[in-house]
Amino acid sequence: MERIVVTAHFHTAHRQLGYPGHCRFVHGHTWRGKIIVQAEEFPRDAIDQSLDFGDLKKTMRRLDHKLLVSAHDHQFLNSAEFEPEGIVVLDGRGPSVENVALDIFRNVVAHIGEKFPGRGVEYTVAVEIQETDNNFFAVERKVRV
């Protein structure tokens, strides 16, 4: 089994629409993320590399210094009021830590598919996101790319 592990941190703001507590207000986090990609044997490119560490980190760092919203947060989707390049729209009902992890997971899988399309390799992809000092969410799934 071969494994690639990368970590990164990124700073974002978000709010949880409909949340009954303080998280309904816009607030920020320094998120910490870990991506683990495993395969029995990784494909290699022309210079004998599998997946570039920096490319995997970009799947997390693309969120850095952005406001995370859902498609339901119409206030922040108004481009007359907020610069679109500062907004990242996440799937789901809100920009929860769960949806941040799933967004990064989907981007990692898409990156693998772009780098090594149609190889039929089974990967185990795990993404762990730390929202605060004490709160984490992790997703781990097998994918065939």
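Using the structure shown, decide if PHE42 is touching a strand residue (DSSP E or B) at 6+ places or on another chain (Cβ under 6 Å), crowded, with 16+ Cβ neighbours inside 10 Å, at pLDDT below 95 and in a loop (DSSP other than H, G, I, E, B). Step through it out loud before you land on a result.
Numbers: touching a strand residue (DSSP E or B) at 6+ places or on another chain (Cβ under 6 Å): yes; crowded, with 16+ Cβ neighbours inside 10 Å: yes; at pLDDT below 95: no; in a loop (DSSP other than H, G, I, E, B): yes.
No, not satisfied.
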*Set LEU17, LEU67: member being crowded, with 20+ Cβ neighbours inside 10 Å and not basic (Lys, Arg)*: LEU67
*Tally time: how many residues in segment 18-56 are over 25 Å from ARG119 (Cα atoms), in contact (Cβ under 8 Å) with a residue 60 or more places away in the chain and more than 20 Å from the chain's Cα centre (by Cα)?*
2
_Residue under question is ARG32, and the condition is that it be in a strand (DSSP E or B) and either among the charged types (D, E, K, R) or at pLDDT below 95 (or both); does it hold?_
yes
*For segment 72-98, how many residues are surrounded by 12 or more Cβ atoms within 10 Å (Cβ to Cβ) and either within 19 Å of the chain's Cα centre (by Cα) or aliphatic (A, V, I, L, M) (or both)?*
12
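So, of the residues in segment 106-145 that are of a type in the set (Lys, Arg) and free of Cβ contacts under 8 Å to residues at least 24 places away in the same chain, which turns out to be surrounded by the fewest Cβ atoms within 10 Å (Cβ to Cβ)?
Here is the first cut: in segment 106-145, the residues of a type in the set (Lys, Arg) are 106, 115, 119, 141-142, 144.
Checking which are free of Cβ contacts under 8 Å to residues at least 24 places away in the same chain leaves us with 106, 142.
Values: ARG106: 15, LYS142: 9.
Residue satisfying both the conditions and the ranking: LYS142.
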*Are any residues in segment 53-96 farther than 18 Å from GLU131 by Cβ, of a type outside the set (Lys, Arg) and part of a helix (DSSP H, G or I), and if so, which ones?*
PHE53, GLY54, ASP55, LEU56, PRO84, GLU85, GLY86
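The values are calculated or read from the model by the stated rules, or taken from the named source; none is laboratory data. Source: prediction; values computed, not measured. No Cβ is skipped: glycine too gets one built from the backbone with ideal geometry, and neighbour counts run over all protein chains shown.
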